[in-house]
Amino acid sequence: MTQSPPVAETFKTQMPEVIDLFTLDISTLLPAGSTDQSIYRFCNWSQTDGDDITYNSNTYTALPLEARGFELNTSGKLERPSITFANVGLTITALTNTYSDLVGATVSRIRTLKTYLDGAPGADPNAYWGPDEWVVDQKANETKLAVTFQLAVPFDL
């Protein structure tokens, strides 16, 4: 996969807003022959003013979420980020109940600038940072309002 960070934009005095785009792939959790949806795409509600967005012809659903621990470090310790979804319509609970708490599902994150989203004058599907790849290690917490997942790098399971 090509990665072309939008370097030119980062040197401007006022950089466009960075958008985090997440993909949840549960294909490894589906039973053989299943026709259930296996790919879910979402973005942070607060970064898009609650609007779904399209990037590289894929629609990302705006959800209230909090992603923590994705920062890079040089300490040698592997990060264990977490992602918390607002449990809107109990959709996340339905997925966890059906697919073993989503343990083993793949979560990837790419970051791009708002100016590169589909429909923008400078739309560019190759201008992004990432992807960062993670695997759901465990469901850390679940309430009626939110579900939190602990993530791990694939080779750290």
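The table that follows gives values for the structure above.
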read-out: Spin-label pair ASP52/THR143, simplified geometry with 7 Å Cα→Cβ offset, distance in nm; value: 2.8
read-out: Cα gyration tensor shape of region 40-109, rounded if a/c is under 1.5, else prolate or oblate by comparing a/b with b/c; value: oblate
read-out: Gyration tensor (Cα) of region 49-157, equivalent ellipsoid semi-axes in angstrom; value: 25, 20, 12
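Quick note: the coordinates plus some simple rules give every number you see, no bench work behind them. Predicted model, so just to flag it, every value in this text is computed and none were measured. Note that each Cβ is placed from the backbone with ideal geometry, even for glycine, and that neighbours are counted across all protein chains shown.
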